[in-house]
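A quick write-up on the structure given underneath.
The values are calculated or read from the model by the stated rules, or taken from the named source; none is laboratory data. A quick note: this is a predicted structure, and the numbers were derived from the prediction, not measured. So basically every Cβ, Gly included, is an ideal-geometry build from the backbone, and we count neighbours across all protein chains shown. Quick note on the areas: whole protein, heavy atoms, side chains included, nothing else; ligands and nucleic acids left out. Shrake-Rupley method; radii C 1.70, N 1.55, O 1.52, S 1.80 Å.
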Amino acid sequence: MSQFVYEKTYGASPGEGMVYDLEALINSYNGEQSVGCVKIGREHGRIAIAAFTLLMRRLHEGHRQSGELVVVDASSGMDKYDCRVSLISTHSVAGGLPFGCLITTLESRETLTLALTLYNSIIPEKAYFGCGAEGPEQCWRTRDRSRSCHQSRSGAQF
């Protein structure tokens, strides 16, 4: 009985039940927004989620600096499942402006590539101030400075 109450209150425990609940929640959210703002992907037991809000969508299309420089700021240990959260942002005179979020279960090259692929599939056509899928002129990744990502429009190099 207590397991039933726990799952009803907090969702399923780790595993397939949790992923199923998360996918249902994402589908519900995307339906409410009438635009696909969140996408989840699984590969070899790894989970990646890419998300942005409608305000972040407007930043992609209308903020000039989003086509110039993007910073992927990574952190880890955000929850009891030790997920990694990477905030995608750009600069402005007021400071950093977030315009995307990646959540992964591992910080491996494959998982980050999956998350970025999901992210690129949901961003607007005129993302990065009209640059679209080519992306911004420069991308920097803040975590693990010895392997910082500096990319041109050829694609993310982590």
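Some observations on this one:
- Highest-first arrangement of 96-106, 58-68, 18-28, where packing means the average Cβ count within 10 Å: 96-106, 58-68, 18-28
- Region 33-115 - percent of accessible surface contributed by carbon and sulfur, probe 1.4 Å: 56 percent
- Segment SER76..GLU61, full-extension length gain: 2.5 nm, with 0.36 nm per residue of separation and the alpha-carbon distance subtracted.
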